[in-house]
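Working notes, structure below.
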Amino acid sequence: NIQRVDEFQFRDLIQDNEELFDDWMVLLKAMRQCEISLIRFALCLFEEAELDKDSVDYAQEAEDVIHHKLVVLKRFVQEVSPKTICDKVITHWNLSSEVRTPEQRVEAIQDEDRVVENDTAEPIVRPSREALCESYSLDEQEDHCLEISFLCWALFDCVSAELKAQAGTAGYKELTFSSDESEEPHDKEKDWNNAQNRIFAKFKERIEEQYDDKYLHFIFGRVEVVRGSRLQKLYFFVPKSVRVLKDHPLIRKWQNTLLYEVERGNGAEAKVDGFTDMVQQEYISFVNHLYSLRQWSWPWCNSGEYLAYCQSSLGAITMLMNCWIIKVYSGSYHSEYVPESAHYPGYIHIFVLTWLGRLHVALSCLWVTFYMLAYSAWRMSTQVEEGAESDDENAIQALVASSWGRFVLFVTDQELQVVVAYAFASFLGAFSNFLWFAFHLLDVCRQSIILEKVILSITSTSDQLVGTMFLGIVVQYAFVSIG
């Protein structure tokens, strides 16, 4: 029952009848599953059948589809309470995994001048015994609540958008249904507009204030597809792996990189195809890999987060050490051995730089370790999938099947080679010469997306760059020889 008028009474009943708690949890689970199925069915009523333009009955079929949507829309507007749907969006959002603290709760909007019995805007607080229930786990409860919130959000958005488009048309106005004569007639369309402005829009504003305007996009999915000459909105519940990792630093980094690497030319279709290929080949598998790491024990379960922390910490230490060296370093290169202490005005500088260097080495080792967990296994699987689609499929599968083949794929990871090289430079800097830490400034530049593109443009055309350098050397040598 979408009105949910009895839930408060059930919860009050459990207070004095603890023996009914297990039965109540079974009933609560069934109620939510039934509600999910009901709202999914309601959304399906708005989906348009894909018609064949070459059919001889295309015109009549298109007219029937439009008439069906108008009938469904009119029924919803006349018979479903928009306030109830919006209240359920907020109520179940507050019971989901997206709300962990009181500050994250979205306050329900109630009419102060009117008292409503069994008001659906009345907040529900999950009792501690429900959170500890084993037959209906907290994780399952929160997933169900978030899905109900999404479905109600999708249903209201769908009806509201269709109402805005069709309310002024003659076909919508001419539709009439028999109604209860005892019910006082009033403008039902106005109720939907009021709910849109007072509750639905406020919910969206509250989420954007807490996070950002893209936050709901990683939870509540919506796309538009072409149905003949019409556009239809389709709604989908974003997979749990994407929802859980929506704020993951490595996922954010991949998304920012995508903005620069996605195809920009050759028409709109090429752009869409390039974006789709990158999402299917990289994003989905990368998110699933990071989500699978969550099942491991600590600290490996947070490998991605710790990797990002190591990178940012190394960047800060690198900048600090190099600025310090630039400030106090004196002298220049000499062919004969000169003690490093001769280049620094006091022992305190060597002492501080030594311990910062050792900390740099420790973080570099952690960087290599967490990189192998967060990236190497994923890159290996990605290469296997790309190889499986190539012409030499049997050779790739035979290579991967052997331990040596897996080792080859592992060590040929170019990014891993760079990370290991940085770790080796860190070791030389800590135990040989502090000037080795200058190489890590390249990694600091790589952490900037714009500077990373500059480096990529140079490395991707390295053969042309080397050729240009060689040509310059030849020209200079020729002038020197002539002179």
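Restricting to the range 65-87, name every residue that is charged (D, E, K, R) and surrounded by 13 or more Cβ atoms within 10 Å (Cβ to Cβ).
Scanning the range 65-87 gives 69, 74, 75, 83, 87.
Give the residues of the range 213-247 that are assigned to a strand (DSSP E or B), free of Cβ contacts under 8 Å to residues at least 60 places away in the same chain and open to solvent by less than 60 Å² (accessible area, probe 1.4 Å), sorted by residue number.
Once the filter is applied, which keeps residues that are assigned to a strand (DSSP E or B), free of Cβ contacts under 8 Å to residues at least 60 places away in the same chain and open to solvent by less than 60 Å² (accessible area, probe 1.4 Å), the range 213-247 yields 221, 225.
Of these, 107, 47, which one is within 19 Å of residue 151 (Cα to Cα), touching a residue at least 24 places away in the same chain (Cβ under 8 Å) and open to solvent by 60 Å² or more (accessible area, probe 1.4 Å)? I'd like the intermediate steps shown before the answer.
Values: 107 fails: within 19 Å of residue 151 (Cα to Cα).
Among 107, 47, only 47 is within 19 Å of residue 151 (Cα to Cα), touching a residue at least 24 places away in the same chain (Cβ under 8 Å) and open to solvent by 60 Å² or more (accessible area, probe 1.4 Å).
Report yes if some residue within the range 146-155 is of a type outside the set (A, V, I, L, M, F, W, C), in contact with an Asp or Glu (Cβ under 9 Å, 6 or more places away or on another chain) and closer than 17 Å to residue 32 by Cβ; otherwise report no. Working first, answer last.
As a first pass, look at the range 146-155 and keep what is of a type outside the set (A, V, I, L, M, F, W, C): 147, 149.
Filter once more, so that each one left must be in contact with an Asp or Glu (Cβ under 9 Å, 6 or more places away or on another chain): 149.
Adding the requirement that they be closer than 17 Å to residue 32 by Cβ leaves 149.
The answer is yes, given that some residue of the range 146-155 is of a type outside the set (A, V, I, L, M, F, W, C), in contact with an Asp or Glu (Cβ under 9 Å, 6 or more places away or on another chain) and closer than 17 Å to residue 32 by Cβ.
Among the residues of the range 93-104, write down those that are open to solvent by 10 Å² or more (accessible area, probe 1.4 Å) and either outside any loop (DSSP other than H, G, I, E, B) or without any contact (Cβ under 8 Å) to a residue 40 or more places away in the chain (or both).
94, 99, 100, 101, 102, 103, 104
If I filter the range 43-71 down to residues being assigned to a helix (DSSP H, G or I) and hydrophobic (A, V, I, L, M, F, W, C), which single residue comes out as nearest to residue 221 (Cα to Cα)?
Among those residues, the one meeting the criterion is 43.
Please give the number of the condition residue 202 fails out of (1) outside any strand (DSSP E or B); (2) open to solvent by 70 Å² or more (accessible area, probe 1.4 Å); (3) closer than 27 Å to residue 284 by Cα.
All conditions pass for residue 202, except number (3).
Go through the range 283-317 residue by residue and tally those that are basic (Lys, Arg) and more than 21 Å from the chain's Cα centre (by Cα).
Selection size over the range 283-317: 0.
(1) touching a residue at least 60 places away in the same chain (Cβ under 8 Å); (2) among the aliphatic types (A, V, I, L, M); (3) under 30 Å from residue 41 (Cβ atoms): which one isn't true of residue 293, the others all being true?
All conditions pass for residue 293, except number (3).
Of all residues in the range 339-371, which are open to solvent by 30 Å² or more (accessible area, probe 1.4 Å) and at pLDDT below 85?
Matches in the range 339-371: 339, 340, 341, 342, 345, 347, 348, 349, 350.
Which pairs do you get when a residue that is within 12 Å of residue 354 (Cβ to Cβ), found in the range 424-439, comes within reach of a residue that is open to solvent by 70 Å² or more (accessible area, probe 1.4 Å) and not small (Gly, Ala, Ser), reach meaning Cβ atoms under 7 angstrom, with the pair 6+ apart or on two chains?
Final answer for the pair search is 429/436; 430/358.
Considering only the range 125-151, state which residues are touching a helix residue (DSSP H, G or I) at 6+ places or on another chain (Cβ under 8 Å), closer than 12 Å to residue 96 by Cβ and not small (Gly, Ala, Ser).
126, 138, 140, 141, 143, 144, 145, 146, 147, 148
Determine which single condition residue 252 fails, assuming it passes every other condition in (1) at pLDDT 80 or above; (2) in contact with a strand residue (DSSP E or B) (Cβ under 9 Å, 6 or more places away or on another chain).
(2)
Which residues, taken from the range 54-84, are touching a helix residue (DSSP H, G or I) at 6+ places or on another chain (Cβ under 9 Å) and more than 24 Å from residue 188 (Cα to Cα)?
The one that is touching a helix residue (DSSP H, G or I) at 6+ places or on another chain (Cβ under 9 Å) and more than 24 Å from residue 188 (Cα to Cα): 55.
The values are calculated or read from the model by the stated rules, or taken from the named source; none is laboratory data. For clarity, every value in this text was computed on a predicted model and none was experimentally measured. Here Cβ is always computed from backbone atoms with ideal geometry, including for glycine, and neighbour counts include all displayed protein chains. Surface areas here come from the heavy atoms of the whole protein model, side chains and all, with no ligands, DNA or RNA. Shrake-Rupley method; radii C 1.70, N 1.55, O 1.52, S 1.80 Å.
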